[in-house]
């Protein structure tokens, strides 16, 4: 195996010995709706339930997101004193196994729906509709939204900072939790980047792509609903010098997706018909629908394994879309994975 050291982190890249053949099922562009019945696999089907755990992390004790950055305006956009972390370990996880993981932004986010998908699809006899026994970790944002906020700093900044925070602070905290260790004394996470997924909606969706984009040595399966691929990075962020239009640079401006080397990533994107900014002028950098369409087009042209959903008669981070699509999204995202 080849050990790679990057910005203070050491991760094992196992491409030489680990190969996947996911095929092309589910790749491409799809329009869905306008009706959205809930997928039965996202509810209780009588299968054994796993276990939830919850704890908090104080921002002041972080080395990466202390809540005191100069970009913040805490009087107008308060910063949390601590963030909640919620963990779901499926019944099919065996203590001591090196578990794959799914990090969920804006915790608790969709962890309840994810938990039912795990209950039902890790037991599936259908190899075309099954999931590995990954551990879901929902991480609460640092507070408020958009520019000058802690959440905006964490999610809308074009850097590897959030990936480092999750890797260096959140994951070790999960593994060290006494309540978790009491039940799973030998719990472990895989070091295989193909076994590490990230999911989010809105700016949390943009953050999912950014984590993989800047750190494909750590996270390679990326799920973004109603992604904020617009110019929402802080105007006074140091990253403005390199990425002046924030996440808009992925598909327009610098066209990062098309003008960068093909990265080892598997990417799901979605946007709603009436998503944020859908009435914005053509030249605006704040039209979610346009931004997500252009992102999908860029992924297609570059040759990524990607899946893009456009949902009719729906809005920003519409819960109906999650309830209708999330099981199939997870199945597509984890295609090809093996221990």
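Residue-wise test of (1) crowded, with 24+ Cβ neighbours inside 10 Å; (2) farther than 28 Å from residue 276 by Cα; (3) out of contact with any strand residue (DSSP E or B) (no Cβ under 6 Å at 6 or more places or on another chain); (4) modelled with pLDDT of 95 or more.
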| residue | (1), (2), (3), (4) |
| --- | --- |
| 180 | no, yes, no, yes |
| 187 | no, yes, yes, yes |
| 201 | yes, no, no, yes |
| 214 | no, no, yes, yes |
| 229 | yes, no, yes, yes |
| 234 | no, no, yes, yes |
(request) Please tell me if residue 286 is more than 21 Å from residue 163 (Cα to Cα), touching a residue at least 60 places away in the same chain (Cβ under 8 Å) and either over 15 Å from the mean Cα position of the chain (by Cα) or buried (at least 20 other Cβ atoms within 10 Å of the Cβ) (or both). (result) no
(request) Considering every residue within the range 95-103, establish whether at least one is surrounded by 15 or more Cβ atoms within 10 Å (Cβ to Cβ), in contact (Cβ under 8 Å) with a residue 12 or more places away in the chain, closer than 27 Å to residue 272 by Cβ and in contact with a strand residue (DSSP E or B) (Cβ under 6 Å, 6 or more places away or on another chain). (result) yes
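Kindly state which helices (runs of 4 or more DSSP H) lie completely within the range 250-339 and contain at least 3 residues that are in contact with a strand residue (DSSP E or B) (Cβ under 6 Å, 6 or more places away or on another chain), modelled with pLDDT of 95 or more and within 20 Å of residue 194 (Cβ to Cβ).
319-333
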(request) Collect the residues in the range 299-309 that are touching a helix residue (DSSP H, G or I) at 6+ places or on another chain (Cβ under 8 Å) and more than 28 Å from residue 36 (Cα to Cα), keeping them in residue-number order. (result) 301, 302
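The values are calculated or read from the model by the stated rules, or taken from the named source; none is laboratory data. Quick caveat: nothing in here was measured; it's all calculated off a predicted structure. Here Cβ is always computed from backbone atoms with ideal geometry, including for glycine, and neighbour counts include all displayed protein chains.
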